[in-house]
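Here's the structure we're looking at; comments come further down.
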Amino acid sequence: APDCGAVAPVTVIVDARPVANDPVADFSKCDTDANPGTEDFILSDHIPAIIANTAGLTITFYTSQTGAQTQNAAEQITASPYTSAGETIWVRVENAAGCTDVVSFELVVWPLPAVADPLPSRTECIGADGLAQFDLNSYIPGISQGIPGVTVSFYASQADANVPQSPLPSPHASAGGTIWVRLDNANCFVVAPMQLI
């Protein structure tokens, strides 16, 4: 029997797999919403930290690695904003050819510095010039409650405290009124008014 054979060209297309950053930086927020211990995250805001070029890619978020690998709809995060107390989020990055990469990042909720509400007012005697000398630095231990890593500074306005800019000196000469106290920890800050009388 004669040997029969045929030769035909075959086109093989190889699509590049999308490659996400690994590791992906944490997505961190200070705990500023009405529910202590949780924060609302817009997960899509973190996409630039996951992959630089998103052209032609579909990016979805999941609560587990298996969910991301298998596209388990029950584990896909579709809520936006997504409320969390901190957890691992899994990301599926997929191109049009179905090539994927799966990576993860952490949602982190940083605590705010503790501050008394309201801060107690401070009273000093007025001098001959009509001003009282307030030793602001002497108030710091009570305001910080002795918590390590908390710094305290004082400002004439809430806007200055939020920036922060133009801190008040200590001692501070004043006829009284409201000043603003800023407490900073390693990641977050709060501001609160304090009355000088």
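Checked against the criterion of being out of contact with any strand residue (DSSP E or B) (no Cβ under 6 Å at 6 or more places or on another chain) and modelled with pLDDT of 85 or more, the candidates Pro23, Pro18 yield just one match: Pro23.
Quick check on the range 132-143. Is at least one of its residues in contact with an Asp or Glu (Cβ under 7 Å, 6 or more places away or on another chain), in contact (Cβ under 8 Å) with a residue 60 or more places away in the chain and small (Gly, Ala, Ser)? Among the residues of the range 132-143, at least one is in contact with an Asp or Glu (Cβ under 7 Å, 6 or more places away or on another chain), in contact (Cβ under 8 Å) with a residue 60 or more places away in the chain and small (Gly, Ala, Ser), which makes the answer yes.
Conditions (1) part of a loop (DSSP other than H, G, I, E, B); (2) in contact (Cβ under 8 Å) with a residue 60 or more places away in the chain; (3) farther than 30 Å from Val108 by Cβ; (4) of a type in the set (Ser, Thr, Tyr), marked per residue:
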position	(1), (2), (3), (4)
Glu124	yes, yes, yes, no
Gly149	yes, no, no, no
Val190	no, yes, no, no
Pro193	no, yes, no, no
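One residue stands out in the range 157-175 among those that are more than 27 Å from the chain's Cα centre (by Cα), buried (at least 16 other Cβ atoms within 10 Å of the Cβ) and not polar (S, T, N, Q): the one that is nearest to Gly127 (Cα to Cα), namely His172. Taking (1) closer than 15 Å to Pro18 by Cβ; (2) within 15 Å of the chain's Cα centre (by Cα); (3) among the hydroxyl-bearing types (Ser, Thr, Tyr) in turn, Thr38 satisfies each apart from (1).
Of the candidates Ala97, Ala116, the single residue that is at pLDDT below 95 and within 30 Å of Phe61 (Cβ to Cβ) is Ala97.
Does Ser153 fit the bill of being without any contact (Cβ under 8 Å) to a residue 40 or more places away in the chain, on the phi < 0 side of the Ramachandran plot and of a type in the set (Gly, Ala, Ser)? In short, yes.
On the given criteria, is Ala97 exposed (fewer than 15 other Cβ atoms within 10 Å of the Cβ) and under 30 Å from Val24 (Cα atoms)? In short, yes. Restricting attention to the range 126-147, the residues that are part of a loop (DSSP other than H, G, I, E, B) and under 22 Å from Asn187 (Cβ atoms) add up to 3. In this structure, Pro23 does not satisfy being of a type outside the set (Gly, Ala, Ser), surrounded by 16 or more Cβ atoms within 10 Å (Cβ to Cβ) and in a loop (DSSP other than H, G, I, E, B).
The values are calculated or read from the model by the stated rules, or taken from the named source; none is laboratory data. Everything numeric in this text was worked out from a predicted model, so none of it was measured. Because the Cβ atoms are built from the backbone with ideal geometry, glycine has one as well, and the counts that use them run over all protein chains shown.
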